Amino acid sequence: VFHGRILARSVVGQETRYEVEVAARYRQRFPLVSREYLWVPSTCGCPALRQGGEYLLMARRHVNHEHTLNRILLQDGGYARPWTPREARLVREAARHC
């Protein structure tokens, strides 16, 4: 779970790739750097993340069986909400208990 700002969006094959500036990390099972690529497994860009927008994102690390692909994936129905100070406070509180 992290707070990110969308820097760019591009369609790559059958997927959408977002370049994201990671502003804050709330709950993570894998390391994040200040800039990451976030992949969505469709070209519709669902959920609609607009360039310049700030979001609270819950994504997972996806590594294929051959270990040749290692990326951050926002699954269909994944959690992507516009970031607000209230959302950030709720996530920080939840992370302390989980």
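The values are calculated or read from the model by the stated rules, or taken from the named source; none is laboratory data. Not measured: the values here are computed from a predicted model. For neighbour counting, all protein chains shown are included, and Cβ atoms are generated from backbone atoms with ideal geometry for every residue, glycine included. For accessibility, only protein heavy atoms count, side chains too; no ligands or nucleic acids. Shrake-Rupley method; radii C 1.70, N 1.55, O 1.52, S 1.80 Å.
May I ask you to list the GluC sites (Glu not before Pro) in the stretch 39-98 that are in a DSSP loop and have at most 12 other Cβ atoms within 10 Å of their Cβ?
E66
Between H62 and L7, what length in nm is gained on full extension when 0.36 nm per residue of separation is reduced by their alpha carbon distance?
17.7 nm is the gain from fully extending H62 to L7.
Just need the relative contact order of the chain here, percent rounded to a whole number, with Cα pairs under 8 Å and 6+ apart.
So the answer I get is 27 percent.
Considering the chain as a Gaussian network with a 10 Å cut-off on Cα pairs, which listed residue, R86, R71, R50, attains the greatest mean-square fluctuation?
For the chain, modelled as a Gaussian network with Cα springs under 10 Å, the answer is R86.
Report the gain in length on full extension from A48 to A24: 0.36 nm times residue separation, minus Cα-Cα distance, nm rounded to one decimal.
Gain on extension, A48 to A24, equals 6.6 nm.
Using the beta-carbon distance between Q75 and R96 and R0 = 22 Å, what value does 1/(1 + (r/R0)^6) give for FRET efficiency, to the nearest 0.05?
0.30
Which label marks the calculated value of mean projected area of the Cα convex hull in nm², given the options (i) 6.4; (ii) 7.8; (iii) 6.9?
Among (i) 6.4; (ii) 7.8; (iii) 6.9, the one derived from this structure is (i).
I'd like the FRET efficiency for L32 and R89, computed as 1/(1 + (r/R0)^6) with the beta carbon distance as r and R0 of 22 Å, rounded to 0.05.
Plugging the Cβ-Cβ distance into 1/(1 + (r/R0)^6) gives 0.60.
Skip the ligands, DNA and RNA, and give the accessible area per residue of the chain with a 1.4 Å probe, whole Å².
63
Tell me the angle of helix 85-97 to the major Cα principal axis of the chain, expressed in degrees between 0 and 90 and rounded to the nearest ten.
That works out to roughly 90 degrees.
In the stretch 2-96, what percent of the accessible surface is made up of carbon and sulfur (1.4 Å probe, ligands and nucleic acids excluded)?
49
Rank V20, V11, V63 by mean-square fluctuation in a GNM of the chain with C-alpha springs under 10 angstrom and give only the top-ranked residue.
Comparing V20, V11, V63 in a Gaussian network model of the chain, the most mobile one is V63.
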